[in-house]
Amino acid sequence: FANRIATVSLDAYKSAVPKSHRDAMKQTCVAAIVAHYSKRCNQSEENKNVDGQLRVLGLGVGTKFISHDVLVDEQSNEACCYGKRIRDCHAEVLARRAFRRQIALEILADLRRNCSSDSKAEIDYDKQSIIERVKCKNDDTQKNICFRLKPNVTIHFYASSAPCGNATLKKFVKMEKEIFDTSLGQDDWPQIEHIPIGAHSLRLGQFALLVKKDASAPASQDEENGIDVSVSKQQQPPSNICDPAESEQQPKKKKTKIWPCREDDAWCPPSCSITNYNKGTIHSCSDKICRWNCIGLQGSFLMPLLEAPMYMTTLTVGRKFSRAICQRAVCCRAEGFGDSSNDVYKLNHPALMETNVYLDESGTHQMEGVKTIGGDASFESNLCWVWWPGKGSNDADCIDGRTGLVSTNSSEDNVQKASYSDISTYSLLKINMEILCLCGAPLQVSLTDEKLSLPELRKLKRRLSAQYESAKDTFLRHRVFRDWCYRESRVQI
C-alpha cells in the first residue's frame, strides 16, 4: 500500500511539474495528500469502479520559505494585505494548503450543484468527491448544513523524505531496519499500536520544537557581540536598581537552571534551530504535522461545516525513514492532548510506513548512514510547485520561494508579474467566506477592498470557528507546544 501511495504521488508530480525542472532537480522534496476509496456494500454501480482507487487531492514540491526581511518589509507597508504571501513553501505545507483548497471546492460544488441542469456532472461529482452532506448534530449550525468524509474514504499523507525537524533528529531512540509485511494486500496498511514514549531526555531536546533556520532573522545585540543569547536573557539585571538594604529584605528568587537544549542549537538537525535562539520564525514540518495530528488537516474556517476533524490515516515516507523517530516527531510527543472523552479533537496516531518507491532511483542515505537508493534532497532551487485536482489544469502553479508569490515565468532569474496563489491564506479565506455565505453565516466582513490584517483574521477565526480555535489554544498549552512561535510576536518592526 505504501508503494501505491508513493507511486500515485510521484505520478502526479511527473504530470504536473515541468520536465525541465524535474531533470534539473532530481532530488527535491515532494509531498502529497491522497484519498483512498475502499470497498463498500450497497454502493451504486457508478461508484463501484472506484474501489481501491487512489486520488491525489493535494501536491506540493519545494524546500524554501520566505525570509524574515520580506515579512518585515510587507508589514511596514500599509498598502499590503496580510495572507497573500505563502510564508512556508516546504512540500508538506504546500500539499496541505492544496488539500484545503480542494475540500473547499468540493463543498462549494455541493452547495451549487442544485443550480446545475447537467445530471452527468452531478454523477461525476458524486463519484470523485470525498465528502458528503449529512444532518447536523449541532442545532445552531447555519441552515443545518454539515459535511463529513464519505465512510469509504480515508486520507493518506506522503513525503518523499522525512519531514524536517524532529523527524530527522537521530537521537534518543534505537533505530531499527524497517521490515515489510508481505501479507498485507494492496489496499491494506499496518495496524501497529504506537507505544507511549518515555520522556527521559526532555532537557536534551527529545521533544523540542524546532524552527527553520533563517539567516535574515533578527539577531540581538548580544548575538552580534558573540554572547550566547539564551544565557544572556536569563542574566539580565533588573531595570530598577534597589537600595542594598532593601534588597536584603526581599525574598531571594530561586535561580532557574537552563535546559541544555535551550543553551545553543548545535545539537539540532541541519537547517533547524531552537525557538528561543532568534534564528528562525517558521516551525519545522515535523512540528506542523504533529499539530495537524491534534487539530486536523482542514483548518479553521471549514471546521464549522464538518462533522469531525479530518485526520491522516497513514503517513508514508521515502528517504531517511525511521519508525521510532517518526513516531516521536509527528504524534507521540503530543501524548495527553484530547484525553477528555468529550473532546472532538483527539491525538491521531497514523500508521507509519516506509516505501521503496523513490523520487530518484540513483541512491539515498538511510537513517543508519548507509547509501542505498535515491539521494539527499537538494535545496538549490527557489522554485516551488503546487497542484490540486480542482485547479482546472494539469499544470502545477509555480511559486517563488523567495517571495511566496506565484511566478508566471518559471525561471530562476526572470520572475515576472508575481501574483498571490489560490492556496494563499487570503485566497483560502475568500473561498471559505463564499461557502459560509451560502450556508447563511453572518460574516459581517468584506474582502472586496483586499485589505486584511493578522489581528482581523484572528478575530474572524475566533468568531466563526470558536470550537476549533479553543482546541488550538489547548494544543498550544501542552507542555511540548507552549513555546510555539506566534506570528505577531516574532515579526517585529
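Key figures
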{"item": "Selected residue [among the basic types (Lys, Arg) and farther than 22 Å from Ala31 by Cβ] from Lys346, Lys320", "result": "Lys346"}
{"item": "Segment 195-213, residues that are modelled with pLDDT of 90 or more and farther than 28 Å from Ser273 by Cβ", "result": "none"}
{"item": "Residues satisfying the stated conditions in segment 305-324, i.e. assigned to a helix (DSSP H, G or I) and surrounded by fewer than 23 Cβ atoms within 10 Å (Cβ to Cβ)", "result": "Arg323, Ala324"}
{"item": "Close pairs (6 angstrom Cβ cut-off, 6 or more residues apart or separate chains): closer than 15 Å to Lys84 by Cα in segment 392-412, modelled with pLDDT under 90 and part of a strand (DSSP E or B) anywhere", "result": "Val406/Ser419"}
{"item": "Residues being of a type in the set (Val, Ile, Thr) and outside any loop (DSSP other than H, G, I, E, B) - total across segment 180-209", "result": "0"}
{"item": "Residue under evaluation Ser286, criteria (1) surrounded by 21 or more Cβ atoms within 10 Å (Cβ to Cβ); (2) assigned to a loop (DSSP other than H, G, I, E, B), criterion not met", "result": "(2)"}
{"item": "Close pairs (8 angstrom Cβ cut-off, 6 or more residues apart or separate chains): within 21 Å of Thr316 (Cα to Cα) in segment 16-33, open to solvent by 50 Å² or more (accessible area, probe 1.4 Å) and not in a helix (DSSP H, G or I) anywhere", "result": "Ala16/Asn394; Ala16/Asp395; Lys26/Ser362; Gln27/Asp376"}
{"item": "Within segment 1-39, considering residues that are buried (at least 17 other Cβ atoms within 10 Å of the Cβ) and of a type in the set (Gly, Ala, Ser), the one nearest to Trp387 (Cα to Cα)", "result": "Ala16"}
{"item": "Lone qualifier among Ser9, Ser76, Ser15 - being of a type in the set (Gly, Ala, Ser) and at pLDDT below 90", "result": "Ser76"}
{"item": "Qualifying residue in segment 442-458 (condition: at pLDDT 90 or above and touching a Cys at 6+ places or on another chain (Cβ under 9 Å))", "result": "no"}
{"item": "Any pair with Cβ under 7 angstrom, 6 or more apart, that starts in segment 272-293 at a residue that is basic (Lys, Arg) and ends at one that is assigned to a loop (DSSP other than H, G, I, E, B)", "result": "Lys279/Lys213; Lys279/Asp214; Lys279/Ala217; Lys279/Asp265"}
{"item": "Failed item, numbered, when Arg319 is tested on (1) within 11 Å of Asn348 (Cα to Cα); (2) more than 16 Å from the chain's Cα centre (by Cα)", "result": "(1)"}
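Listed here are the residues, each with its yes/no results for (1) open to solvent by 10 Å² or more (accessible area, probe 1.4 Å); (2) part of a loop (DSSP other than H, G, I, E, B); (3) at pLDDT below 90; (4) of a type in the set (Phe, Trp, Tyr).
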| position | (1), (2), (3), (4) |
| --- | --- |
| Tyr277 | yes, yes, yes, yes |
| Leu297 | no, yes, no, no |
| Cys326 | no, no, no, no |
| Ser340 | yes, yes, yes, no |
| Lys346 | yes, yes, no, no |
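The values are calculated or read from the model by the stated rules, or taken from the named source; none is laboratory data. All figures in this text were calculated on a predicted structure; none of them were measured in a lab. All Cβ positions, even for glycine, are placed from backbone atoms using ideal geometry, and neighbour counts span all protein chains on display. Areas reflect the complete protein model, heavy atoms only, side chains present, ligands, DNA and RNA absent. Shrake-Rupley method; radii C 1.70, N 1.55, O 1.52, S 1.80 Å.
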